[in-house]
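Participant: Sharing a structure below in structure tokens format, with a few things to ask.
The numbers here are math on the coordinates, done by the rules we state, and not lab data. Bear in mind that the values here come from a model prediction, so they are computed numbers and not experimental data. Here the Cβ is made from the backbone with ideal geometry for all residues, glycine too, and neighbour counts use every protein chain on show.
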Amino acid sequence: MNSNDPNYSPLRDVAQNPEATARYLADVQRVLLDIGKNLETLAQEIRVHCRDTHVEGDRFYDAWLRAQPVERAFKDVLKNVEAVTKGLEKGAYKRRAHDEAVANTARKRKEKELERQRKKNPHPLQAAPNPPQQGAQSQNLGYGGPTSIYDMGNRESA
């Protein structure tokens with residue numbers, strides 16, 4: 001696409017490729033982490049300044065009480081920046097997972113269709129072999145045939 005196209009969007013190509021999306025989100029995350037570091041430094045400087053600002057007639061904790069809403073606001077901003085960076089990482093992961101799910105959908109559908117066909121048309125079961133005649137003495141005296149405790153053959157009892 002070219003930039004003269006009225007429907008051109010520079011992020012359209014990025015959105016169509018999961019690797020490009022991951023790279024772009026990593027760049028944005030890097031910038032946000034940098035901004036977060038600067039905001040942390042700013043919050044510390046504001047904290048020091050606000051707590052050191054005393055007015056004549058203040059008790060020792062009045063400056064601290066006035067500084068609390070400002071500190072809380074900056075703390076919330078830092079928390080939100082951290083949440084955004086985590087969300088970007090999660091978004092990149094979900095984007096890749098979406099592409100993998102789309103790629104596997106055709107294969108899964110084929111497997112389900114084969115499974116449905118197999119359930120509708122089961123293979124005929126093979127008949128069980130005929131049991132030995134009761135009159136004939138079986139050579140295998142294991143668990144298969146009826147035996148008597150008096151007819152142990154070569155086996156020893158416990």
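Participant: Under 13 Å from the Cβ of Lys90, count the other residues' Cβ atoms, weight Lys and Arg +1, Asp and Glu -1, and hand me the total. Mind showing how you got there, number by number?
Facilitator: Values: positive: Lys86, Lys94, Arg95, Arg96; negative: Glu82, Glu89.
Residues near Lys90 contribute +2 overall.
Participant: I would also like to ask the following. With θ taken as phi - 60° and the coefficients 6.51, -1.76 and 1.60, list the Karplus ³J(HN,Hα) couplings across the stretch 49-63 in order, rounded to whole Hz; mark glycine and proline as x.
Facilitator: With the stated coefficients, the stretch 49-63 comes to 5, 5, 6, 8, 7, 10, 10, 4, x, 5, 7, 5, 9, 5, 5 Hz.
Participant: Test of understanding: what is the full-extension gain from Tyr24 to Lys112, defined as 0.36 nm times their sequence separation minus their Cα-Cα distance? Could you put the intermediate results ahead of the total?
Facilitator: Values: separation 88, 0.36 × 88 = 31.68 nm, distance 3.68 nm.
Full-extension gain reported as 28.0 nm.
Participant: Once R0 is set to 35 Å, what does the formula 1/(1 + (r/R0)^6) return for the Cβ-Cβ distance between Tyr150 and Gln126, expressed as a FRET efficiency to the nearest 0.05? Display every interim value, and only then the final one.
Facilitator: Values: r = 37 Å, r/R0 = 1.06.
Approximately 0.40, to the nearest 0.05.
Participant: How much length is gained if the chain between Arg96 and Thr53 is pulled fully straight, taking 0.36 nm per residue apart and subtracting their Cα-Cα distance, in nm to one decimal? Present the calculation step by step, with values, prior to reporting the outcome.
Facilitator: On the way: separation 43, 0.36 × 43 = 15.48 nm, distance 5.12 nm.
Once the chain is fully extended between Arg96 and Thr53, it gains 10.4 nm.
Participant: Here's another thing I want to ask about it. Enumerate the lysines that Lys37 could reach by cross-link, defined here as Cα to Cα under 22 Å, with residues fewer than 8 away along the same chain left out.
Facilitator: Lys75, Lys79, Lys86, Lys90
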